[in-house]
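The values are calculated or read from the model by the stated rules, or taken from the named source; none is laboratory data. Predicted model, so just to flag it, every value in this text is computed and none were measured. Cβ placement follows ideal geometry from the backbone for every residue including glycine, while neighbour counts extend to all protein chains displayed. Surface accessibility is based on the protein's heavy atoms, side chains included, excluding ligands, DNA and RNA. Shrake-Rupley method; radii C 1.70, N 1.55, O 1.52, S 1.80 Å.
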Amino acid sequence: MAIKVGVIGAGGMLQYHSAGFRQAGAELVAVADAAPGAAAKAAEKYGIAKAYESVEAMLAGSPELDAISVIVPNKFHKPLAIQCLSAGKHVFCEKPPALNAAEVQEIIDAAEKAGKHVLFNFNNRARPESLAMKAYIDQGVVGTINSAQAKWIRRTGIPGFGGWFTTKELAGGGALVDLLHMVDLAMYFMGYPEPAYVMGQTFTDFIHDKQFKGPWGIPDRVGGTTDVENAAHGFVMFKTGQVMSLQVSWAEMIKREEVSVVFQGTKAGGKVERLFAIDGFDNTAIDSAELYIQEGGHSVDRKVICLPCEDMGRIGSAANFIEFLDGKAEPLNTPEQALRLMQVIDAVYESAKTGKPVTI
């Protein structure tokens, strides 16, 4: 029998969630959104049977739901995830997992209490390049990854001014929270080691400059709040001795948008990368994956050929959630990994605030 799914949030990410759930054989039963008419419009567009204007109405009106997808501003990830878990539903939640690590722990506790699963949409793990590279790592081709560099940088990528993206109370942070994917992917490749200490700095030089607005996000809100960073840089030392640097920005004086993880292993190095011709437009991007080895006295670079995936794994990640619940696949992420990721992000912000390294 097909897994029955409901969705909270009728925004743009619904196109990927719905496609992924259906690709994996799930039945999309209901959508809820508090904005008047939004759920009904989305239900018609995506062929969803039921539309509701509150989560409570959806839980009461569609008790047959097995799982719920949460696609809302970051502030509401924790309360809605816990509400749905407590109602006996599995949860697939958009990134970031929550506003901070403490909230992620609350979600983990609620999932354990309910005996239900929670996965987060770290969709870049589902990209063909990432899946191929992870397979090489798991096969021992790379050895131990000693160091990695995580980067998602944009030249013109501020997602609107005065909206929830730029309001710390609603988003938890700025560019670092929004574009955390490569930090996650680097830690994933490294085996998700436990962080020991973090140094970080944030920058706000361009956060009010309209020249740096990007195509992703929401319309500007006149009189709204803009109190987050446009760029964050940091360094993480893990308890294993492994190290990672990170560079994340919505607006920074760089050539173009770049999304990449580069790593150095004891047997091979590697890179997974997406370069954009135009910031924010996936259809202008070029994806690549490479391995770097020493072989027969020569430096050898191996190009990993993968199928194109314009959506950066968004559909595949949603499909994995259903396949995991069906017992057909291992989960692409775990709540414990989400907790460690948010510990690192919290520590970057704390270090930037205090000007000192932060011990975790």
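Below is a table of values for the structure above.
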| item | result |
| --- | --- |
| Global geometry of the stretch 1-73, whether rounded, prolate or oblate, following the gyration tensor of its Cα atoms and the 1.5 cut on a/c | oblate |
| Distance between the stretch 193-229 and the stretch 52-102 - C-alpha centres, whole angstrom | 26 Å |
| Residue-wise HN-Hα coupling along the stretch 188-194, computed from phi with Karplus coefficients 6.51, -1.76, 1.60 (Hz; x: Gly, Pro) | 4, 4, 7, x, 6, x, 7 |
| Shape call, the stretch 255-360: gyration tensor on alpha carbons, a/c limit 1.5 | rounded |
| Rg ratio (alpha-carbon, reference 2.2 N^0.38 Å) - the stretch 166-310 | 1.21 |
| Within the chain, helix-based [θ] at 222 nm, where runs of 4 or more DSSP H residues each add -39,500 (n - 2.57), nearest 500 | -9000 deg cm²/dmol |
| Among Ile345, Met312, Ala329 - extreme Cα towards positive end, dipole of the stretch 304-360, charges at beta-carbon | Ile345 |
| Placed amide H near Ala285: partners under 5 Å, 5+ positions off or other chain | Ala277 |
| Whether the stretch 63-119 is rounded, prolate or oblate, judged on the alpha carbon gyration tensor where a/c under 1.5 counts as rounded | oblate |
| Kirkwood hydrodynamic radius of the chain, Cα pairs, Å | 20.9 Å |
| Accessible area in square angstrom per residue, the stretch 14-164, 1.4 angstrom probe | 37 Å² |
| In Å², nearest 10: area of Phe206 left accessible to a 1.4 Å probe | 50 Å² |
| Heavy-atom SASA rank of Trp164, Trp152 (probe 1.4 Å, accessible area, largest first) | Trp164, Trp152 |
| Under-5 Å amide H pairs with Glu257, H placed in peptide plane, nonlocal only | Arg155, Phe276, Asp279 |
| Phi to ³J(HN,Hα) by Karplus 6.51 cos²θ - 1.76 cosθ + 1.60 over the stretch 48-65, Hz, x for Gly, Pro | 9, 5, 10, 10, 9, 10, 7, 5, 4, 5, 5, 5, 6, x, 10, x, 6, 4 |
| Set Lys168/Lys213; Lys213/Lys303; Lys134/Lys239; Lys267/Lys328; Lys134/Lys356 screened for pairs whose C-alpha atoms are more than 24 Å apart | Lys213/Lys303; Lys267/Lys328; Lys134/Lys356 |
| Area of Ser245 that stays accessible when all protein chains are in place (1.4 Å probe, Å², to 10) | 40 Å² |
| The chain: antiparallel DSSP beta bridges as a percent of all, rounded to 5 | 65 percent |
| Cβ-placed point charges (K, R +1; D, E -1), dipole of the chain about Cα centre in debye, nearest 20 | 260 debye |
| Largest to smallest accessible area among Phe165, Phe92 [probe 1.4 Å] | Phe165, Phe92 |
| With all protein chains modelled, accessible area of Tyr192 [1.4 Å, Å²] | 10 Å² |
| Nonlocal amide H pairs with Lys213, under 5 Å, H built at 1.01 Å | Ile158 |
| At 1.002 mPa s and 20 °C, Stokes D of the stretch 122-250 from Kirkwood alpha-carbon radius, µm² per second | 136 µm²/s |
